[in-house]
Amino acid sequence: MKLIYERTPSIERAMLVDGERLLEVEERFVDQLSVGTILEAAIERIHPSLGAAFLVNGETTFFLPIAETLRALAVYPEVLGIGQAAVVGEKRLVQVTKEGIGGKHHKVTENIRFGGRYLVYFPYGRRQLFSRKLDLSTQDRLSKVFTLNKAEGVLFRTESGQASPEALREELALLRARAADVETARRGQDELLCEQFVRRHSVESVLLNDKEAQERLKRLDVPVERHVGKGRMKEAARLDTAIEKLENRVVWLEGGSYVLVEQVETMTVIDVNSGKNVAVKDKGRAADTINEAALYAVMEQLRLRNIGGMVVIDFLRGSKDGQDRLLKRMKELGARDPRRVEVYGFTRMGLFELSRERTGRSIQDRMTYNGSPSKLAVFSRLERTLMELDGKQEAVVLSLPAKWQGGAWDASGLHVFFIEGEPDVAFHGTLEECENFVSRH
């Protein structure tokens, strides 16, 4: 598998491919709140019955359980009350551990972490932990490689068992430096999207356009090729159409049948339709054939769209043997999914039920807002267009709502002008031509 990582002035996008086939995609603002984001927030209120504190940063509220406070870490395994560990008005440096979805607050911890190839470093972790795959003799050897101060903690990853003491000490020094930088800035990101993808998947090589990402991936022992020319990487541009299709409700199958994907707040409902498929005259055989083709498409779409939670599939009414094959095959495909999939099978009404581990927001949640393209969708399209224009044009005019005109457009290599209107590239050309265009509007 290959990872293609593209970074524009304000957005990063990671695309996992197998040959020409897109397997997984994720896109976010560089400074977006997501798992791993580190920021400073003030304690707004304490909730004794929940054993937690609620913190605020701007208009965003965070949920901090008692077990995730520094005071609880310091006296572990003693159990404190939340009133002993948090004081209203105090500012705390916290890290997001779970994104808030559907109105829920982001969950955070004070036990901040920084991940490397061999180690996970906790500036306030206070103890050494080891991967379950490391035997006792290896754990004993690793525990003597370096000395931590009283507040620090570290987790030895499985790969650390094959690393030299010098490599481990070098990585610890790098992680300590990253922690010091974040402590000074009071904000940061534990990992870039490319680092997360390399850790989650068996990535054989990476193609990217960002120097910082290249430097970070050097430590993960994966071949990295950096695009340094003007414009976009052709490998990334080729995937645009496939990614745009993920926002459609309809997924067409061979032969004219299709799958309809409907995401609502509580679950995802998927309907399999025969459409214009008339390849098999026997209706029972036709239903089984279409269902098996739809099965692969459904599992592929769940992963591509990052759909989690409860999923109900309305397959065509096929034979009993066909249903048994679907159940067996679904369990096999679910076991291959990087996320945890629980397969429950057919109900009395003939509906197929399963659940998929929810991690972050789906494509629909990220790219739409109240039925319209979200800010992320708009900025992503415009910044990729600016990358294509860079080197060919001198200036560009963007039409945007006034509230969105504060983007990092100065890093595009073009002179950028704004006019009020629907998001679009209104005009591009020489600097003088663009100035004249703006004066007329």
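The values are calculated or read from the model by the stated rules, or taken from the named source; none is laboratory data. Source: prediction; values computed, not measured. Don't worry about glycine lacking a Cβ; one is built from the backbone with ideal geometry, like all the others, and counts go over all protein chains shown.
List of remarks:
- Test: residue in region 91-100 that is in contact (Cβ under 8 Å) with a residue 40 or more places away in the chain, outside the structural domain of GLN301 (by TED's automatic domain parsing) and of a type in the set (Ser, Thr, Tyr): yes
- Qualifying residue in region 68-80 (condition: touching a strand residue (DSSP E or B) at 6+ places or on another chain (Cβ under 7 Å) and farther than 18 Å from ARG113 by Cβ): no
- Only one of LEU354, LEU398 that is within 30 Å of HIS106 (Cβ to Cβ) and modelled with pLDDT of 90 or more: LEU354
- Scanning region 197-208 for residues that are modelled with pLDDT of 90 or more and either small (Gly, Ala, Ser) or more than 20 Å from ALA237 (Cβ to Cβ) (or both) turns up VAL198, VAL203, GLU204, SER205.
- Matching option when the condition is modelled with pLDDT of 90 or more, within 30 Å of ARG303 (Cβ to Cβ) and either among the aliphatic types (A, V, I, L, M) or more than 28 Å from the chain's Cα centre (by Cα) (or both), among LEU55, LEU64, LEU22, LEU93: LEU22
- Pairs meeting the criteria (first residue in region 189-209 and touching a residue at least 60 places away in the same chain (Cβ under 8 Å) and of a type in the set (Phe, Trp, Tyr), second residue in a strand (DSSP E or B) and buried (at least 22 other Cβ atoms within 10 Å of the Cβ), beta carbons under 8 Å, at least 6 apart or on different chains) are PHE197/LEU3; PHE197/TYR5; PHE197/ALA14; PHE197/LEU16.
- In summary, GLY19 fulfils each of the numbered conditions (1) over 19 Å from GLU244 (Cβ atoms); (2) of a type outside the set (A, V, I, L, M, F, W, C); (3) in contact (Cβ under 8 Å) with a residue 60 or more places away in the chain with the single exception of condition (3).
- Within region 115-130, residues that are touching a residue at least 24 places away in the same chain (Cβ under 8 Å) reach partners that are part of a strand (DSSP E or B) and among the small types (Gly, Ala, Ser) with beta carbons closer than 7 Å, at six or more positions or on different chains, in the pairs PHE122/GLY153; GLY125/GLY153; ARG126/GLY153; ARG127/GLY153; GLN128/GLY153.
A quick yes/no check of all residues on (1) over 26 Å from GLY103 (Cβ atoms); (2) modelled with pLDDT of 90 or more:
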residue	(1), (2)
VAL312	no, yes
PHE315	yes, yes
GLY318	yes, no
ASP337	yes, yes
GLY350	yes, yes
ARG361	no, no
GLY371	no, no
MET387	yes, no
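- Some residue of region 175-198 being in contact with a strand residue (DSSP E or B) (Cβ under 6 Å, 6 or more places away or on another chain), aliphatic (A, V, I, L, M) and within 25 Å of LYS133 (Cβ to Cβ): yes
- The set of residues from region 11-33 being surrounded by fewer than 19 Cβ atoms within 10 Å (Cβ to Cβ) and small (Gly, Ala, Ser) comprises just one member, GLY19.
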